[in-house]
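The values are calculated or read from the model by the stated rules, or taken from the named source; none is laboratory data. What you see is a predicted model, and the numbers here were worked out from it, not measured in a lab. With ideal geometry, Cβ positions are generated from the backbone for all residues, glycine too; neighbour counts draw on all protein chains shown. Protein only, heavy atoms only, side chains kept; ligands, DNA and RNA dropped before computing areas. Shrake-Rupley method; radii C 1.70, N 1.55, O 1.52, S 1.80 Å.
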Amino acid sequence: MIHLHNGDSVAATARRALLPGRHVAFRETFITGPVRPGLRQSEWVEERARFIAEYYGEHLLRTRNDLLDQEKLLDAIVREDEEIVLWFEHDLFCLANFLYLLVRLTKARRLTSIWCPSALGSLSEEEIVTSYLSRAAVPPLMLRIAAEAWKGYTAHEATALNRFVKQDWPDFAFLRDGMTLHAMRFPSLRNGLGEVEQRALAGIDAGATDFSSLFARFDAAPPRYGFGDGEFLRHLRRLATCAVPMITITETADTAPPKALFGITPAGRKVLAGEADFVELNNADQWLGGVHLIREQLWRWDPEAREVRPSER
């Protein structure tokens, strides 16, 4: 038996609780960077490694080797392990990784999951044991839905997301909510801001000018985007370093969690009010799943119709 966990802390708790089998933290971040289907494994690993190394400031060779080893592990456990247990929780970060693994491990001898509505990292050893004992086999219908959802998430046309936003999926908890959160990350028809940037600017404008209070306001418990503080700070830095900055940042200490102070610029206040458009002021170069957003190839989130549509601007 092998357990694939959504983080090192959960894996460590499971080991302390003496759950049988090996415990491995799955290390990927499919909520960022290109996630394109149809590539050979070597091409997939190379594209992901180059993005992760640049985006997170990691060593390219080490990142490439780690991803390649992880992919080889997934190949091996499908052939060799009697049971694979997936431990993930209801947030967008976990959903993207969970979908990938459900598709990747479809041919496993026995695939079970703890698909948890609360934060796994907050569970005690006793609660981890209870979760393990209540794990459920992943049914064929859920695997089929996961395959379709992953296809939609990695499609180069963002409109592929709309069926997962508009339709309820009772056989896959949180799928509709998670895919909606993802769709809302696309530039809004109203002002060109994705939901993450919209929440950040609105929080700063409302007076949450230090990192701790802004981060707490951004994704209140239970967290549904699943961003760590470092990921959220990268979004903030993008707002501060774009051609027409939306915010100012004064980083007071390089600590965890970060210590920084924020202010909103006049341009940021105009965009927040819907009097200017973020994409028209700045380059839209960004990957969201399989979609590469650029000024000439743009999709926008329509908050009234609750769908993603090609931009007409």
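Please enumerate the residues belonging to the range 28-60 that are small (G, A, S) and touching a Ser or Thr at 6+ places or on another chain (Cβ under 8 Å).
Restricting attention to the range 28-60, the residues satisfying the condition of being small (G, A, S) are 33, 38, 42, 49, 53, 57.
Residues satisfying the conditions are A49, A53.
Here's a check for you: in the range 98-112, which residue that is part of a loop (DSSP other than H, G, I, E, B) and of a type outside the set (V, I, T) is surrounded by the fewest Cβ atoms within 10 Å (Cβ to Cβ)?
K107
Suppose the filter is small (G, A, S), under 23 Å from L95 (Cα atoms) and open to solvent by 60 Å² or more (accessible area, probe 1.4 Å); does G57 pass it? Even if it seems obvious, please write down each step before you answer.
On the way: small (G, A, S): yes; under 23 Å from L95 (Cα atoms): no; open to solvent by 60 Å² or more (accessible area, probe 1.4 Å): yes.
So G57 does not fit the description; no.
Pairs under 7 Å by beta carbon, first residue under 16 Å from L19 (Cα atoms) in the range 79-101, partner of a type outside the set (V, I, T) and part of a helix (DSSP H, G or I), six or more apart or different chains?
Listed pairs, sorted by first residue: L86/F98; L86/L101; W87/L120.
Kindly provide the set of residues from the range 283-301 that are in contact with a helix residue (DSSP H, G or I) (Cβ under 8 Å, 6 or more places away or on another chain) and in a loop (DSSP other than H, G, I, E, B), ordered by number.
Answer for the range 283-301, where residues must be in contact with a helix residue (DSSP H, G or I) (Cβ under 8 Å, 6 or more places away or on another chain) and in a loop (DSSP other than H, G, I, E, B): G289, G290, R295, L298.
What are the residue pairs meeting all of these: first residue in the range 143-167, first residue more than 14 Å from H182 (Cα to Cα), second residue among the polar types (S, T, N, Q) and at pLDDT 95 or above, Cβ atoms under 6 Å, and 6 or more apart or on different chains?
Filtered contacts from the range 143-167: L143/T106.
Does the range 195-244 hold any residues that are charged (D, E, K, R) and farther than 21 Å from A284 by Cβ, and which are they?
Within the range 195-244, D205, D210, R217, D219, R224, D229 meet the criteria.
Six or more apart or on different chains, Cβ under 8 Å: which pairs go from a residue in the range 275-299 that's modelled with pLDDT of 95 or more and open to solvent by 30 Å² or more (accessible area, probe 1.4 Å) to one that's part of a strand (DSSP E or B) and not small (G, A, S)? Could you list them?
Sorted first by the residue in the range 275-299, then by its partner, the pairs are W287/L293; H292/Q286.
Spot the failing condition for V271; the list is (1) more than 30 Å from G7 (Cβ to Cβ); (2) in contact with a helix residue (DSSP H, G or I) (Cβ under 7 Å, 6 or more places away or on another chain); (3) in a helix (DSSP H, G or I); (4) open to solvent by 20 Å² or more (accessible area, probe 1.4 Å), and only one is missed.
Answer for V271: the failing condition is (4).
Checking the condition open to solvent by 20 Å² or more (accessible area, probe 1.4 Å) and part of a strand (DSSP E or B), which residue from V24, V78 passes? Spell out the reasoning first.
Numbers: V78 fails: part of a strand (DSSP E or B).
V24 is the lone residue from the list that is open to solvent by 20 Å² or more (accessible area, probe 1.4 Å) and part of a strand (DSSP E or B).
May I ask you to say which residue of T255, T248 is open to solvent by 20 Å² or more (accessible area, probe 1.4 Å) and either in a strand (DSSP E or B) or under 20 Å from L181 (Cα atoms) (or both)? Working first, answer last.
On the way: T255 fails: either in a strand (DSSP E or B) or under 20 Å from L181 (Cα atoms) (or both).
On inspection, the qualifying residue turns out to be T248.
What is the number of the single condition among (1) in a helix (DSSP H, G or I); (2) free of Cβ contacts under 8 Å to residues at least 40 places away in the same chain; (3) open to solvent by 50 Å² or more (accessible area, probe 1.4 Å) that E126 does not meet?
All conditions are met except number (2).
Matching residues to (1) closer than 30 Å to G38 by Cα; (2) more than 23 Å from the chain's Cα centre (by Cα):
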site	(1), (2)
P257	no, no
F278	no, no
W287	yes, no
L293	yes, no
E296	yes, yes
E307	yes, no
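Among the numbered criteria (1) farther than 19 Å from F26 by Cα; (2) surrounded by fewer than 17 Cβ atoms within 10 Å (Cβ to Cβ); (3) under 17 Å from the mean Cα position of the chain (by Cα), which one does S118 miss?
(1)
In the range 157-179, which residues are open to solvent by less than 30 Å² (accessible area, probe 1.4 Å) and part of a helix (DSSP H, G or I)?
Of everything in the range 157-179, those that are open to solvent by less than 30 Å² (accessible area, probe 1.4 Å) and part of a helix (DSSP H, G or I) turn out to be A158, L161, N162, F164, V165, L175, G178, M179.
Report, by residue number, each residue of the range 216-231 that is open to solvent by 20 Å² or more (accessible area, probe 1.4 Å), in a helix (DSSP H, G or I) and either over 21 Å from L288 (Cβ atoms) or acidic (D, E) (or both).
Hits for the range 216-231 are A216, R217, D229.
I'd like to check something: does the range 232-242 contain any residue that is surrounded by 14 or more Cβ atoms within 10 Å (Cβ to Cβ) and outside any helix (DSSP H, G or I)?
yes
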